[in-house]
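Enquirer: Let me give you the structure first, and then I'll get to my questions.
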Amino acid sequence: MKDCRLIDLPVVSDPRGDLTFIEGTKHVPFPIARVYYLYNVPADAARGGHAHKRLEQVVFALSGSFRMRVDDGEQTADFWLSNPRKGLYINRLVWREMDRFSQGAVCMVLASEPYDESDYYRDYDAFRQAAREIGRDRPGGRAWNAGADK
Ligand code: T46
């Protein structure tokens, strides 16, 4: 699915441990306007269940693991996130659902826009219709080669 892909981040490792860093427009394909994180998520909880009109995001498992199911209106794909060096880039107009959170999982999200409830499709049929009508004209995910050089 061209609108979602894994991004590798740089890591600096030494005997004290690992350090990963993220700069907007360099390691993720947009200026970072917002950071939020999910934690204390019960193992049987499901989150997401929506798509965005304009928002692009990169999602990480900083700790633990969870499943992210993405759907562009034509195809679905499952990503199991568990590596704090690998983020899942999600373009606009992609429905997402998250579940199977491990105990202590922390999900961090870098977002291209501030929070705006009017940017959400929370109804699947409305999303499908928008994806059909305008999906073909969307940028199609940005070419990106994060971490290629620090
Ligand atoms: C996404 C997944 C991965 C805010 O006030 N500010 C914020 O920045 C966010 C993200 C949410 N909220 C409020 C809106 C709701 O009243 O927090 C409440 C829970 O939000 P929501 O049900 O959208 O949370 P999730 O975990 O289902 O979805 C969130 C993001 O909304 C979404 O963009 O991709 O995390």
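Read the figures in this text as sums done on the coordinates, not as results from a lab. Just so it is clear, the structure is predicted and the values come from calculations on it, not from any experiment. All Cβ positions, even for glycine, are placed from backbone atoms using ideal geometry, and neighbour counts span all protein chains on display.
Enquirer: Measure nothing but the geometry: give the 0 to 90° angle between the long axis through the Cα atoms of 124-134 and the longest principal axis through the Cα atoms of the chain, rounded to 10°.
Expert: Helix 124-134 and the main axis of the chain meet at about 80 degrees.
Enquirer: Does segment 12-99 come out rounded, prolate or oblate by the C-alpha gyration tensor, with a ≥ b ≥ c the root eigenvalues, rounded set by a/c under 1.5 and, if not, prolate when a/b is larger than b/c and oblate if not?
Expert: oblate
Enquirer: What list of ³J(HN,Hα) couplings, whole Hz, do you get for segment 97-112 from phi and the Karplus terms 6.51, -1.76, 1.60, once you set θ to phi - 60° and write x for glycine and proline?
Expert: Per-residue couplings from phi come out as 9, 10, 7, 6, 5, 6, 4, x, 5, 10, 10, 10, 10, 9, 10, 7 Hz.
Enquirer: How would you classify the chain from its alpha-carbon gyration tensor, with a ≥ b ≥ c the square roots of the eigenvalues: rounded for a/c under 1.5, else prolate if a/b is greater than b/c, otherwise oblate?
Expert: Numbers: a/c = 1.97, a/b = 1.35, b/c = 1.46.
Oblate, since a/c reaches 1.5 and b/c is not below a/b.
Enquirer: Here's something else I'd like to know. Work out the FRET efficiency for Leu6 and Arg34 from their Cβ-Cβ distance, taking R0 = 25 Å, and round it to the nearest 0.05.
Expert: 0.75
Enquirer: Note the full-extension length gain between Ser63 and Asp18 as 0.36 nm times their separation in residues minus their Cα-Cα distance, in nm to one decimal.
Expert: 14.9 nm
Enquirer: Let me make sure I get this right: for segment 16-62, a, b and c are the square roots of the gyration tensor eigenvalues over alpha carbons, sorted descending. Under 1.5 in a/c it's rounded, otherwise prolate if a/b > b/c, else oblate. Which is it?
Expert: Oblate shape, in that a/c is at least 1.5 and b/c is the bigger or equal ratio.
Enquirer: What nm distance separates the two modelled labels at Arg132 and Asp116, each placed 7 Å from Cα along Cα→Cβ?
Expert: Between Arg132 and Asp116, the simple spin-label model gives 2.6 nm.
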